[in-house]
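This report concerns only the one structure given below.
The values are calculated or read from the model by the stated rules, or taken from the named source; none is laboratory data. These numbers come from a predicted model, not from an experiment. Please note: Cβ atoms are built from the backbone with ideal geometry, for glycine as well, and neighbour counts cover all protein chains shown. Heavy atoms of the whole protein, side chains included, go into the accessibility calculation; ligands, DNA and RNA do not. Shrake-Rupley method; radii C 1.70, N 1.55, O 1.52, S 1.80 Å.
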Amino acid sequence: AFHSQKNVAPKCFDGMTELWTGYSFMFVDADSKSKWSQALGKSGSCIPEFYPGFYSQCSIDQCYSAAESHKTTWLATAPDRLTGDYNDRLPRGKLKLASSRRDELLSYISRCVVCDTIFKMVVVHSMSNQIPDCPTGFVTAASPNRFIPSAVQSNEWTGYSFWEVSLDNYAIGVITDQPASCLLYYSPTAVAECDVEGCKLQSTDQKSSWLMDSTKTPSEEKEN
């Protein structure tokens, strides 16, 4: 699966067969004991229809639909370039699915495509702020967003080394040899947290982790 981080689905590479497009799904938090995630590189992370309460919990006798306390997490859209006021421009509070703001809500959920292929993809992380070279015998893959208009248009797949998102009392990570660990855009607000009513784009508990430039040391925090 390829994820665009935009509200338009990406494209498969030449020679691949497109199977379906959808919305970029990451995680379910059903209750304190029931949590499960989907690897962003796998087809199960691309759900054809967006519905935040799409699952049921079943016992031997009956099934229960998702409750208000159940949450799902989806990859959010990201800006072409990160500006200082980006988070300030995100909607405050919850955008409800059954409201006049439904289309606005969906515009913040990343789209995806699932492709059938025999190609082998290798992801290389430079551990610096420089784009690494491909191993001998490999070429840089085309960008799955090459047909989506952007202020930073590129026909090649290069990006930022994504590690994980932590939210509330759980973390959602990616496998660093999967294409999903090389996101095309950097955004600290990487996911949307949703329940059966709608989604929140801003959360004081949300933190994202990215591989840093190993040649630099974090700046010491100045005392106020």
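Observations
- Net charge of the neighbourhood of Phe13, taken over other residues with C-beta under 13 Å away and scored Lys/Arg +1, Asp/Glu -1, is -1.
- For region 131-209, the C-alpha radius of gyration divided by 2.2 N^0.38 Å, with N the number of residues, is 1.32.
- For Ser209, solvent-accessible area (1.4 Å; no DNA, RNA or ligand), Å²: 40
- Within-10-Å neighbourhood charge of Thr140 [Cβ basis; K, R +1; D, E -1]: -2
- Heavy-atom accessible surface of Arg146, to the nearest 10 Å², is about 40 Å², with a 1.4 Å probe and all protein chains retained.
- Neighbourhood charge, 11 Å Cβ-Cβ cut-off, centred on Ser24 and excluding it, Lys, Arg +1 and Asp, Glu -1: +2
- Placing pseudo-labels 7 Å out from each Cα toward the beta carbon at Arg89 and Leu106 gives an inter-label distance of 2.3 nm.
- Unsatisfied cross-links (Cα-Cα over 19 Å) in the set Lys71/Lys96; Lys6/Lys216; Lys96/Lys200; Lys42/Lys207; Lys42/Lys94: Lys6/Lys216; Lys42/Lys207; Lys42/Lys94
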